[in-house]
Structures are given as C-alpha cells and as structure tokens.
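The values are calculated or read from the model by the stated rules, or taken from the named source; none is laboratory data. Bear in mind that the values here come from a model prediction, so they are computed numbers and not experimental data. Neighbour counts are summed over all protein chains in view; Cβ atoms, including those assigned to glycine, are modelled from backbone coordinates with ideal geometry.
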Amino acid sequence: MADLDGNIDSKDFGLNTPQTAHSFPVKGADQLDFGMRHRLARIFAGGERTVMLAFDHGYFQGPTSGLERVDLNIVPLAPYADALMATRGIVRSVIPAQTNTALVLRASGGPSILKELSNERIAMDMTDAVRIDASAVAVQVFVGGEHETQSIENMTRLVDAGLGAGIPVLGVTAVGKELTRDARYLGLATRIIAELGAQIVKTYYCEEGFQSVTKGCPVPVIMAGGKKLAALDALTMAYRAIDEGAAGVDMGRNIFQRQAPTAMIQAVRGVVHQGLSAAHAHELYRELSHGADD
Ligand code: R5P
C-alpha cells in the first residue's frame, strides 16, 4: 500500500495567498462566460489586439481576384493571422484542420452581387459553428439599408444562439453605396450592433472622428480593409485606426491582392502588435518582399 502520510504532510494550500484573479483584456468581455472568453482570447492572441485575414468574399461575389485558389494563395498566410474569416464551405474544403489559427465563420448570406445585398438571411446554424470549432461567427448588419431590420434580426438571433453555445458574434457594418462612411454613420451603426449584443464589431476607418466611433462602442472595434490601396496607404490607415482605438484589423484585398501577401501580412502585424509606424511597416514590406512596388 502506498505511503500517504508524506503526501498529506507536504500539501500546501497557500493559506496566506488569495486565489489569483485574472482580468480579461478584451474590451467589454469581463462578464462573459468562460467559453466565450476562451474563444475571444484565441482571436485576440491572448491580449487585446488581433490581425484577422478576411477571405469570405466568395459568399456573395464568387471567385474574387486573389481568391481563385484559396489553397495556394491563402493557406500559406494562415500562420501569420490571429484569425481567419471565411465561409464554412472554404473551411471544410480547403483549410487544413491542423491550423492553429482561430476561425471566424461567415454566418449570413443569400443575395449575390447581382441582387440587393442587404436582403441576407442567417446562413449557418450555430451547432455547425460548434462542430467546426469556430471562435466566432460573422454577420453583416445593414444599418440604413433596405433590409435593415431583417439584417439586425439575423444578428440578434445569432447572438442568442451564440450565447447558448459560448460563441461570440462579429457584427459587420455593411455600408451600402448610398451611405456615407463618416463618423456619424459609423458611430450609429457600431453602437447599435454592440447594444444589440455582438461581442465584436467590424467597421471601416474614417479620416475624421474615428476615435469617437471606437470610444462610443463598448466592445472591440476591428477595422475593415476595403478595396486595395497602395501598401503605404493601407498601412497608414491601419496605423491610424489602431492609434485611434481600434482593437485590430480584418483585412482581405489589401493583403491577398498584393504582389507579396506574406510580406504584407507581416507588415500589418508589425503595426497591430508591435506598434510599428506606417513608414517602418512599409519598409518591412519592401524588405520582406525584396522590393515589391505595389
Ligand atoms: C465584408 O465584411 C465581407 O466580410 C468581406 O468579404 C470582407 O471582409 C472584406 O474584406 P476586404 O474589404 O478587406 O477585402
């Protein structure tokens, strides 16, 4: 029989030390349940910032330039991203299950670019997000759009399901052609999305007053990339967004449509995680790409 006496004598309950309490670094997430925070911690790399790589464009516009072959063009970038934003179709068919990068699954859809884009529905059940081991699901919200209420209902239904499953919802401000991307509009849209329960909000950068958008939003605001800009301009936009309170970026075309996407995503990481200035990050891009000039 094992001698237990020594074990009992050697137990140390740290009688004079209170249990360690860890504060949670993601904005507005302190009071969420463990699973939700565990997933947010993956997206935010254990801290308060994230580099998400968006390549879900095919869900409404088919084979976008740069995404014709996700296996060739995107999979090699995955180790440099904190999270991959994609459809479940691409995740299941192309993304290696061995990836350590968090997954943010597109959960809304319906209309193609040939139709009214705001007419989306929920396009994925939360049980499937659980099955895929998603760290979050993403939904477009068309504040001011033709189907505004429907898109908000899509989001609130996903928030309810996400709270049940411990899966955060990323609400995306979808700006129609007729709406202006100014701080007033973006502040309205991001606040509505957060008030109605999304744990993360994605929105565009605006030159004037972006700080009022991030400050007025009680959960992390992630900067959307948008159409391809010159590398220095894209890095400048990312730098300013972070400087003005964004918790990270979710960029697609500004990374994967570049001459050297692997170099660009590392430059973006430099801005988001290491505080590099746009000029330094651009130097890094040029250096890693051996002189790419886009
Ligand atoms: C918009 O929110 C959609 O999810 C897009 O497919 C994607 O995120 C856009 O990325 P980017 O504008 O950076 O190419």
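Here are some notes:
- Taking the conditions (1) away from the ligand (no atom under 14 Å from the Cβ); (2) closer than 23 Å to residue 136 by Cα; (3) out of contact with any His (no Cβ under 9 Å at 6 or more places or on another chain) in turn, residue 47 satisfies each one other than (3).
- Residues of the range 211-226 that turn out to be touching a helix residue (DSSP H, G or I) at 6+ places or on another chain (Cβ under 6 Å) and not hydroxyl-bearing (Ser, Thr, Tyr), as a count: 8
- Residue match in the range 115-131 (condition: at pLDDT 95 or above, part of a helix (DSSP H, G or I) and buried (at least 17 other Cβ atoms within 10 Å of the Cβ)): yes
- Any pair with Cβ under 8 angstrom, 6 or more apart, that starts in the range 10-38 at a residue that is modelled with pLDDT under 95 and ends at one that is assigned to a loop (DSSP other than H, G, I, E, B): 23/30
- Test: residue 174 is within 16 Å of the ligand (Cβ to nearest atom) and in contact (Cβ under 8 Å) with a residue 40 or more places away in the chain: yes
- Check on residue 227, more than 12 Å from the ligand (Cβ to nearest atom) and farther than 22 Å from residue 135 by Cα: no
- Residues that are surrounded by fewer than 14 Cβ atoms within 10 Å (Cβ to Cβ) and more than 16 Å from residue 58 (Cα to Cα), drawn from the range 95-114: 96, 97, 98, 100
- Scanning the range 177-198 for residues that are more than 14 Å from the ligand (Cβ to nearest atom) and part of a loop (DSSP other than H, G, I, E, B) turns up 177, 178, 179, 180, 182, 196, 197.
- Residue match in the range 237-258 (condition: within 16 Å of the ligand (Cβ to nearest atom), more than 18 Å from the chain's Cα centre (by Cα) and polar (S, T, N, Q)): yes
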